[in-house]
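Have a look at the structure below, then the notes.
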Amino acid sequence: MDRKTFDVKKHDFKEWDSLFNNPQPITIKSFITGYVILNKRGALNPDHPKAGVIENELLEVPVLAHWIHHEKLGDYLIDTGLDSSYHDDPHGNMKGLFAKLFIKTNLFVDEYKQAENQNIGYHIEKNRIKLKGVFFTHIHSDHVAGTRELPKNITYIVSKEEKYHDYKPFFYGDYLKGVKTLYEIDFKDAADMPILGKCIDIFGDGSLWAISTPGHTKGHTSFLINALNGPVLLAGDVCYIKLSLKNGIAPSSYTEDVEVNQRSFDKIIEFKRAYPQIKIICGHEIS
């Protein structure tokens, strides 16, 4: 798979107030593509100073994909959720090098549930979406598996810091099979926007922003949609559930660097305080 730099449009925005006073012709709709079982103790970091006692409790949370429709620029997804293989197999026909071993020995902990017609391909067809591209928050399986059902002649975009080859040999199979080029967002020269730091105006009109939010993975990216009915921030897996927002505690499970992820989360919380009109959607719960 080739990796090329994503062509980012230049912008003159330096603060958020004027941006939010001028919403753009863009909308967002979130799809539930199935559910995954998480432990509450890990969905909230039990070692956080404010955590107190967090009990072991299994939570069934949605696996999400988000449809972004720009009236002038067309349709995009942020994350692809799950494909239909998860309807019959709680592990989604995992084909990675060690996947079968992990499942057989119960070392592989991800277990999914999917009802009929929850897969991303069904949502695409039902809504007559003509996809032009996909942006990934990161490339963990529950955020990319649905790619198997999508056309491969569209643009797929991820942070330059997100290294697909670091994951693929061990756990993942053919999720991105057929994608010839993965385009990279390079935050190195991105402008620093108030509170959130490194941000890139994807389309150059202030409608869709990529935000560098490392920690869960090195290249994790959140997205801000300056939508007609109000701004929406897709936090991705910086926080999994609404309880994180309520308590200010980021997750620790499945997270590469818990401290860095908490710092990314703290910025989102501060941003929400400064702009209470922002709707925040967690990685695995629609708030």
- Note on the structure: Per the rule of 0.36 nm per residue minus the C-alpha distance, extending Asp7 to Lys113 adds in nm 34.4 nm
- Query: Which entries in the list Lys160/Lys272; Lys198/Lys272; Lys198/Lys279 go over 24 Å, if you measure between the two C-alpha atoms of each?
  - Reply: Lys160/Lys272
- Over 26 Å between C-alpha atoms is what I'm after, so list which of Lys29/Lys163; Lys72/Lys152; Lys132/Lys177 land there. Lys29/Lys163
- Is the stretch 168-287 rounded, prolate or oblate when judged by the Cα gyration tensor, a ≥ b ≥ c being the square roots of its eigenvalues, rounded requiring a/c under 1.5 and prolate requiring a/b larger than b/c? oblate
- Determine which aspartates and glutamates satisfy two conditions relative to Lys4: a Cα distance under 12 Å, and not lying fewer than 8 residues away in the same chain. Glu184, Asp186
- Report, in deg cm²/dmol and to the nearest 500, the calculated mean residue ellipticity at 222 nm for the chain, where each DSSP H run with n ≥ 4 adds -39500 (n - 2.57) and the sum is divided by the residue count. -4500 deg cm²/dmol
- Which loop chymotrypsin sites (Phe, Trp or Tyr not before Pro) in the stretch 169-250, with loop taken from DSSP, have no more than 11 other Cβ atoms within 10 angstrom of their Cβ? Phe170
- nm² value of the averaged projected area, convex hull over the Cα atoms of the stretch 33-98: 7.8 nm²
- As straight-line cross-link partners of Lys40, the qualifying aspartates and glutamates (C-alpha separation under 17 Å, not fewer than 8 residues apart within one chain) are Glu55, Glu57, Glu60, Asp110, Glu111, Asp237, Glu285
- Over all viewing directions the Cα convex hull of the chain casts an average projected area in nm² of 14.2 nm²
- Task: Whenever you get a sec, line up Phe135, Phe6 from highest to lowest accessible area (probe 1.4 Å, protein heavy atoms).
- Result: Phe6, Phe135
- Message: Less than 13 Å apart at the alpha-carbon level, and either on another chain or at least 8 residues along: which aspartates and glutamates does that give for Lys50?
- Response: none
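The values are calculated or read from the model by the stated rules, or taken from the named source; none is laboratory data. Source: prediction; values computed, not measured. Here Cβ is always computed from backbone atoms with ideal geometry, including for glycine, and neighbour counts include all displayed protein chains. Accessible surface is based on the protein model in full, side chains and every heavy atom, while ligands, DNA and RNA are left aside. Shrake-Rupley method; radii C 1.70, N 1.55, O 1.52, S 1.80 Å.
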